[in-house]
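To start, the structure itself, in structure tokens.
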Amino acid sequence: MSRQDAVRALRGRLLWFVGDPHGAGTAAHRYVEDGLLIVEGGLIRAAGEARGLLPTLPAGADIIDHRPHLIMPGFIDAHIHMPQTQVIASYGAQLMEWLNKYTFVEEQKLEQQGHAEKLSRFLLDELLSSGTTTAAVYCSVHEKSAEAFFAESHRRNTRMIAGKVMMDRNAPPALTDTAESGYAESKALIGRWHGKGRQLYAITPRFAVTSSPEQMAASQRLVAEHPGCFVQTHINENRAEIAFARELYPEAADYAGIYEDYGLLGQKSLLGHCIHMTKREWRAFAEHGAVAVFCPTSNLFLGSGLFDWERARREGVKVALATDIGGGTSYSMLRTMAEAYKILQLQGRSLSAFEALHAITLGNAVALGLDQLIGSFEPGREADVVVLDPAATRAMAHRLETARDLAEELFVLVTLGDERNVVATYVMGERASGCSTH
Ligand SMILES: [Zn+2]
């Protein structure tokens with residue numbers, strides 16, 4: 001039997017979602033105190049009580065005992081920038097100044113031999129050690145940056161969405177492509193990578209400010225020619241950015257209208273930030289099925305504003321959660337949700353631990369349209385898994401001495417947790433991160 005076909009089982013406290021706890025409450029999650037997750041050929045075969053499932057294992061099956069740790073579907077990050085891993089924690093600027101002063105300077109280094117490879121390895125290591133097994137990744141304007149990222153992700157067999165940034169104005173000359181070259185390079189990357197193994201392509205015009213109408217039209221052509229690809233871009237993050245975008249596209253109804261006019265607001269469109277949205281823009285998102293991507297640590301760090309999750313729900317707009325490194329300040333989706341909680345608190349609302357953990361697993365999978373592949377322990381899903389120790393730090397172990405139930409334990413995990421709580425990460429059933437002993 002080859003390694004790929006081998007049956008492997010993880011034993012521990014299983015937790016996954018089958019619906020959205022916001023509407024379905026406790027019926028939305030499955031929790032098995034002494035559970036077994038059986039993986040075969042990289043896919044989930046069964047998840048349930050260890051007592052019932054252990055006798056179904058073939059002789060010689062590899063059983064990894066993670067008790068008493070929690071076993072969950074791997075986390076999903078819907079927006080992150082590969083070239084910004086050395087931009088994170090840059091002082092004192094809001095969006096437009098931050099882009100010019102830090103980001104555009106750092107991104108020029110991707111032209112150097114080997115740099116994109118180095119950053120790709122770093123980013124994938126960091127994501128996996130934070131328990132994140134899928135991310136939607138912005139590479140740099142250089143075709144080879146996306147090539148390097150896909151190659152590294154393919155080597156590790158991780159399910160990643162990525163794209164070469166397209167920008168042909170309002171950026172340093174070394175960082176601009178043209179409408180034609182951006183189109184041609186994106187098309188070549190789609191041909192080489194979209195659907196190869198677990199890799200998926202996102203057509204990536206950075207934002208309306210850095211793309212001319214000709215480049216937006218080229219993006220529209222790519223979307224029409226490759227409807228299976230994602231689109232990722234930014235919108236309504238910062239007041240100065242919005243004013244600039246409106247000035248550049250005076251004929252558009254509003255910022256969302258710019259993307260709408262070029263057919264870039266669709267079911268597979270992931271739009272970062274969506275903080276300062278008009279009524280019409282929310283409606284346009286709902287009508288086209290576009291995804292609003294909430295990036296809590298970035299929105300706080302850059303002083304951009306507070307995302308109105310309740311409003312998005314009310315308008316029927318899909319929401320995905322993301323780190324937005326390097327505007328964001330943590331690779332951990334747990335830390336990201338702790339900041340989401342605070343942003344909601346500032347608006348007089350709160351977020352339960354179940355809602356938070358749903359958001360970064362099944363919730364993001366649904367928003368990305370990938371829930372038939374990842375995000376839960378339903379049979380047939382890809383076995384991307386994170387193993388968590390909620391008592392990993394002294395402060396957390398101390399706090400948990402007084403936790404009375406699962407909801408309270410999970411709330412401590414979401415509020416105080418980060419990559420230190422990740423015991424192991426599995427990609428298609430293979431251990432990708434974490435200590436080798438169990
Ligand atoms: Zn971003």
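The values are calculated or read from the model by the stated rules, or taken from the named source; none is laboratory data. Just so it is clear, the structure is predicted and the values come from calculations on it, not from any experiment. Note that we place each Cβ from the backbone using ideal geometry, even for glycine, and neighbour counts take in every protein chain shown.
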Here is a list of conditions, (1) out of contact with any His (no Cβ under 7 Å at 6 or more places or on another chain); (2) within 16 Å of the ligand (Cβ to nearest atom), and H288 meets all of them except one; can you say which number that is?
(2)
Can you find even one residue in the range 250-263 that is within 20 Å of H79 (Cβ to Cβ), within 22 Å of the chain's Cα centre (by Cα) and at pLDDT 95 or above?
yes
Identify the residue in the range 318-346 that is touching an Asp or Glu at 6+ places or on another chain (Cβ under 7 Å) and assigned to a loop (DSSP other than H, G, I, E, B) and, among all such residues, is surrounded by the fewest Cβ atoms within 10 Å (Cβ to Cβ).
S330
Sort out which residues of the range 107-133 are more than 21 Å from A202 (Cβ to Cβ) and either within 16 Å of the ligand (Cβ to nearest atom) or among the polar types (S, T, N, Q) (or both), and write them in order of number.
Q108, Q112, Q113, S129
Out of all the residues in the range 355-363, is one or more modelled with pLDDT of 95 or more, assigned to a helix (DSSP H, G or I), touching a His at 6+ places or on another chain (Cβ under 6 Å) and over 25 Å from V39 (Cα atoms)?
yes
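Residues checked against (1) in contact with a Ser or Thr (Cβ under 6 Å, 6 or more places away or on another chain); (2) not acidic (D, E):
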site	(1), (2)
P213	no, yes
L222	yes, yes
F230	no, yes
D261	no, no
Is there any pair with a first residue in the range 118-140 that is farther than 16 Å from Q232 by Cβ and free of Cβ contacts under 8 Å to residues at least 60 places away in the same chain and a second that is in a helix (DSSP H, G or I) and among the acidic types (D, E) whose Cβ atoms are under 7 Å apart and which are 6 or more apart or on different chains, and what are they?
S120/E152; R121/E152; L124/E152
Filter result (farther than 21 Å from G375 by Cβ and more than 16 Å from the ligand (Cβ to nearest atom)) within the range 299-321
L306, D308, E310, R311, R314, E315
Tell me yes or no: at least one residue of the range 272-287 is closer than 30 Å to E409 by Cβ and surrounded by fewer than 16 Cβ atoms within 10 Å (Cβ to Cβ).
no
Quick check on the range 134-154: of everything there that is polar (S, T, N, Q) and within 16 Å of the ligand (Cβ to nearest atom), which residue is surrounded by the most Cβ atoms within 10 Å (Cβ to Cβ)?
S140
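Which of the helices (runs of 4 or more DSSP H) found entirely inside the range 1-104 contain at least 2 residues meeting this: crowded, with 20+ Cβ neighbours inside 10 Å? Steps first, please.
On the way: elements: 21-24, 50-53, 95-98.
It comes to 95-98.
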Cβ-Cβ below 9 Å, separation at least six or inter-chain, first residue in the range 73-98 and charged (D, E, K, R), second more than 15 Å from the ligand (Cβ to nearest atom) and part of a loop (DSSP other than H, G, I, E, B): which pairs?
D77/S130
From (1) more than 19 Å from G429 (Cα to Cα); (2) away from the ligand (no atom under 16 Å from the Cβ), pick out the condition that doesn't hold for G74.
(1)
Quick check: anything in the range 237-246 polar (S, T, N, Q) and surrounded by 24 or more Cβ atoms within 10 Å (Cβ to Cβ)?
no
Residues satisfying the stated conditions in the range 322-353, i.e. within 17 Å of L302 (Cβ to Cβ), more than 13 Å from the ligand (Cβ to nearest atom) and not hydroxyl-bearing (S, T, Y):
R335, E339, A340, K342, I343, L346
